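K.L.:
The structure that follows is given in the form of structure tokens.
The values are calculated or read from the model by the stated rules, or taken from the named source; none is laboratory data. These numbers were taken from a predicted model, which means no experiment stands behind them. Positions of Cβ are backbone-derived with ideal geometry, glycine not excepted, and every protein chain shown enters the neighbour counts. Remember, those area values only see protein heavy atoms, side chains included, never the ligands or the DNA or RNA. Shrake-Rupley method; radii C 1.70, N 1.55, O 1.52, S 1.80 Å.
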Amino acid sequence: MTDAQTILVLNSGSSSIKFTLFAGQDPIVDGQISGLGAAPRISLKSSQDKDRFDRDLGSEDGQSHTTALAALLPMLTSRTHGRAVDAVGHRVVHGGVDHAAPIPIDQAAIARLEKLVPLAPLHQPHNLAGIESARALFPDAVQVACFDTAFHRHHPWVNDTFALPRALYEEGVRRYGFHGLSYEYILSHLEAADPRAHDGRLVVAHLGNGASMCAIKNGQSIGSTMGFTALDGLPMGTRCGQLDPGVVLYLMTAKGMTADDVTALLYTQSGLKGMSGISQDMRTLQSSGDPDAKRAIDYFVFRIRRELGAMAAVLGGIDTLVFTGGIGENSAMVREKVCADQNWLGLAIDPEKNMAAEQDISSGPSTVKVMVIPTNEEEMIRRHTARILRAL
Ligand code: ADP
């Protein structure tokens with residue numbers, strides 16, 4: 001251990017807490033507690049792989065975010081040689097219209113973030129539970145909220161609005177956009193590795209369990225596929241992506257589904273899982289011979305291609321396309337299908353470079369640079385948290 005600051009990054013979901021502990025810039029421990037409230041488990045590994053385990057957590061320890069973090073605490077401090085955590089950086093899905101940057105958390109900030117719960121009912125309450133728990137367990141640490149929406153706050157009005165009465169826009173029914181921490185990380189990587197790509201017309205496809213795409217010009221978000229909630233845009237592991245609102249009306253009026261039924265359907269039973277009837281996991285679908293698995297992949301790819309074309313129109317052309325997220329980084333097959341027959345855009349990839357997931361997978365004649373860049377949202381949260389810690 002050095003004198004460097006110790007920063008804990010937390011991503012608190014409904015049934016899991018993902019954590020990374022940093023000493024200075026180095027991640028020294030990471031892992032997750034899953035199955036909160038049901039069958040809690042903890043998996044943890046240290047950076048040098050000196051210790052790694054995956055085991056059940058006592059059911060009392062796994063009852064809530066607070067008990068789970070309390071159980072985690074001694075495991076962390078034993079690996080920091082007792083050194084206290086200086087700051088905790090939290091991933092918070094929604095910052096609303098007021099937050100275009102991370103903030104230190106105090107009681108007033110919590111009250112503001114609680115008001116946003118109706119805008120992200122499946123994420124925000126759990127993010128807040130993680131914050132409350134961390135404040136109780138690390139009372140001397142600075143707590144910082146880093147928002148998935150912040151990166152998009154200055155996108156143009158036409159991308160911020162729906163064609164609904166103005167009063168709804170004023171009360172917050174807007175296209176916020178998410179995955180901002182991932183987009184920021186990709187931009188920061190490009191700033192050092194490829195300044196021309198950073199400053200040009202850029203499309204980033206974040207393809208994981210959650211999936212979205214972002215059109216970026218001169219380092220600024222100018223449009224994204226996610227809107228008011230993290231349901232819109234591309235189909236995802238279990239979320240539907242873009243949907244005619246008339247379908248929701250039909251489900252509720254003709255089929256008598258409740259709001260809770262529709263919420264469960266659109267968030268947890270749709271997307272790759274719902275279409276294939278097999279799995280939400282791209283690896284499983286790719287290796288399946290079932291025609292429904294193929295159809296689910298075909299639809300996923302179709303929507304990405306469609307958004308790519310739309311973003312090319314909005315940007316006035318594309319200089320760089322970046323693939324990231326679990327699927328974007330690892331599925332040569334999805335990248336190949338997305339990039340097939342894109343000569344109209346001047347975009348082509350080299351099959352061998354694509355198979356090897358090189359950073360630049362463009363073919364020689366391609367006028368669009370196509371890149372594969374692993375994202376790192378935890379590192380982005382660490383940087384934001386360290387900056388706020390320094391400024392205090
Ligand atoms: P999250 O949004 O939960 O962070 P990830 O970014 O980890 O999700 O992405 C998970 C997705 O990445 C899953 O669909 C998984 O199947 C897919 N994935 C991971 N590795 C591969 C691989 N080698 N080939 C294809 N898909 C992969």
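K.L.:
Please quote Rg/Rh for segment 17-170 to two decimal places, taking the Kirkwood radius as Rh and restricting both calculations to Cα atoms.
P.N.:
Values: Rg = 17.8 Å, Rh = 17.2 Å.
Computed over Cα atoms, the ratio is 1.04.
K.L.:
Let me ask you something else. If each of residue 209 and residue 108 carries a label point 7 Å out from its Cα toward its Cβ, how far apart are those two points in nm?
P.N.:
Calculated label separation equals 3.6 nm.
K.L.:
Also, quick follow-up: So what's the angle, to the nearest 10 degrees on a 0 to 90 scale, between helix 65-77 and the longest Cα principal axis of the chain?
P.N.:
Roughly 70 degrees between the two axes.
K.L.:
Let me ask you something else. Along segment 291-308, what does the Karplus equation 6.51 cos²θ - 1.76 cosθ + 1.60 (θ = phi - 60°) give for ³J(HN,Hα), rounded to whole Hz, x for Gly and Pro?
P.N.:
Whole-Hz 3J(HN,Hα) from phi for segment 291-308: x, 5, 5, 5, 5, 4, 5, 4, 5, 4, 5, 4, 5, 5, 4, 5, 5, 4.
K.L.:
Counting other Cβ atoms within 10 Å, which trypsin sites (Lys or Arg not before Pro) in segment 217-270 have at most 13 and lie in a DSSP loop?
P.N.:
On the way: sites: 217, 239, 255; in loops: 239, 255.
For trypsin sites (Lys or Arg not before Pro) across segment 217-270 that sit outside H, G, I, E and B with at most 13 neighbouring Cβ atoms in 10 Å, the list reads 255.
K.L.:
Enumerate by residue number the chymotrypsin sites (Phe, Trp or Tyr not before Pro) in segment 135-207 meeting two conditions: DSSP loop (anything except H, G, I, E, B), and at most 11 other Cβ atoms within 10 Å of the site's Cβ.
P.N.:
Numbers: sites: 147, 151, 157, 162, 169, 176, 178, 183, 185; in loops: 162, 176, 178.
Nothing satisfies the criteria.
K.L.:
Then there's this: Given the C-alpha atoms of the chain, compute the convex hull and give its volume per residue in Å³. Don't skip to the end; give the middle numbers.
P.N.:
Details: hull volume 63.1 nm³, N = 392.
Spread over its residues, the Cα hull of the chain gives 161 Å³ apiece.
K.L.:
Run the accessible area of the chain with a 1.4 Å probe and give the carbon-and-sulfur part as a rounded percent. Kindly include the intermediate steps, with their values, before the conclusion.
P.N.:
Working: 9120 of 17530 Å².
After summing per-atom areas, the C and S share lands at 52 percent.
K.L.:
For the chain, what is the calculated [θ] at 222 nm in deg cm²/dmol (nearest 500), taking -39500 (n - 2.57) for each run of four or more DSSP H residues and dividing by its residue count?
P.N.:
Working: 16 runs with 153 residues, N = 392.
Counting only the DSSP helices, I get -11500 deg cm²/dmol.
K.L.:
While we're here: Explain nothing, just the number: dipole magnitude of segment 312-392 about its Cα centre with +1 on each Lys and Arg Cβ and -1 on each Asp and Glu Cβ, in debye rounded to the nearest 20. All intermediate terms of the calculation are to be shown ahead of the outcome.
P.N.:
Numbers: 8 positive and 11 negative charges, 86 e Å.
I would put it at about 420 debye.
K.L.:
Taking the Cα centre of the chain as origin and charging only Cβ (+1 Lys, Arg; -1 Asp, Glu), how large is the dipole, in debye to the nearest 20? The partial results should precede the final answer.
P.N.:
Numbers: 36 positive and 43 negative charges, 68 e Å.
For this selection, approximately 320 debye.
K.L.:
Let me ask another. Along the charge dipole of the chain, which of 87, 150, 134 sits closest to the positive end, that is, farthest toward it, with unit charges on the beta carbon of Lys, Arg, Asp and Glu (+1, +1, -1, -1)?
P.N.:
Farthest towards the positive pole: 150.
K.L.:
Once you list every other residue whose beta carbon is under 14 Å from the beta carbon of residue 350, what net charge do they have if Lys and Arg are +1 and Asp and Glu are -1?
P.N.:
Details: positive: 335, 353, 369; negative: 336, 352, 358, 360.
My count for the surroundings of residue 350 gives -1.
K.L.:
Along the charge dipole of the chain, pointing to its positive end and built from +1/-1 on Cβ of Lys, Arg, Asp and Glu, which listed residue (361, 163, 66) has its Cα farthest out?
P.N.:
163
K.L.:
State in Å² the accessible area per residue of the chain; use a 1.4 Å probe, count heavy atoms of protein chains only, and round to the nearest integer. Present the calculation step by step, with values, prior to reporting the outcome.
P.N.:
Details: 17530 Å² over 392 residues.
Here the residues of the chain average 45 Å² of exposed surface.
K.L.:
Kindly flag which residue pairs out of 337/369; 273/294; 217/369; 294/369; 294/353 have an alpha-carbon separation exceeding 18 Å in this structure. Could you put the intermediate results ahead of the total?
P.N.:
Values: 337/369 16 Å; 273/294 12 Å; 217/369 15 Å; 294/369 28 Å; 294/353 24 Å.
Beyond 18 Å: 294/369; 294/353.
K.L.:
With a sphere of radius 13 Å drawn around the Cβ of residue 147, what net charge do the other residues whose Cβ falls strictly inside it have (Lys, Arg +1; Asp, Glu -1)? Numbers along the way, then the final one.
P.N.:
Numbers: positive: 91, 112, 153; negative: 98, 148, 184, 377.
The answer is -1.
K.L.:
Counting other Cβ atoms within 10 Å, which trypsin sites (Lys or Arg not before Pro) in segment 1-100 have at most 10 and lie in a DSSP loop? Don't skip to the answer; put the middle values down first.
P.N.:
Numbers: sites: 18, 41, 45, 50, 52, 55, 79, 83, 91; in loops: 50, 79, 83.
Of the trypsin sites (Lys or Arg not before Pro), the ones in loops of segment 1-100 whose Cβ has at most 10 other Cβ atoms within 10 Å are 50.
K.L.:
Let me know the charge dipole size of segment 251-338 about its Cα centre in debye, to the nearest 20, where only the beta-carbon of Lys, Arg (+1) and Asp, Glu (-1) is charged.
P.N.:
Details: 10 positive and 10 negative charges, 40 e Å.
Here the size comes out at about 200 debye.
K.L.:
If r is the Cβ-Cβ distance from residue 117 to residue 286 and R0 is 35 Å, what FRET efficiency results, to the nearest 0.05? Walk me through the numbers before you get to the answer.
P.N.:
On the way: r = 37 Å, r/R0 = 1.05.
Result of the calculation: an efficiency of 0.40.
K.L.:
With θ set to phi - 60°, apply the Karplus curve 6.51 cos²θ - 1.76 cosθ + 1.60 along segment 276-285 and write out the HN-Hα couplings as whole Hz, x wherever there is a Gly or Pro.
P.N.:
Each residue of segment 276-285 in turn: 7, x, 10, 6, 8, 8, 4, 4, 5, 5 Hz.
K.L.:
Tell me the net charge near residue 30. Cut-off is 10 Å between Cβ atoms, residue 30 excluded, with +1 for each Lys or Arg and -1 for each Asp or Glu. Intermediate results must be reported in sequence, preceding the final value.
P.N.:
Values: positive: 18, 45; negative: 378.
Result for the local shell: +1.
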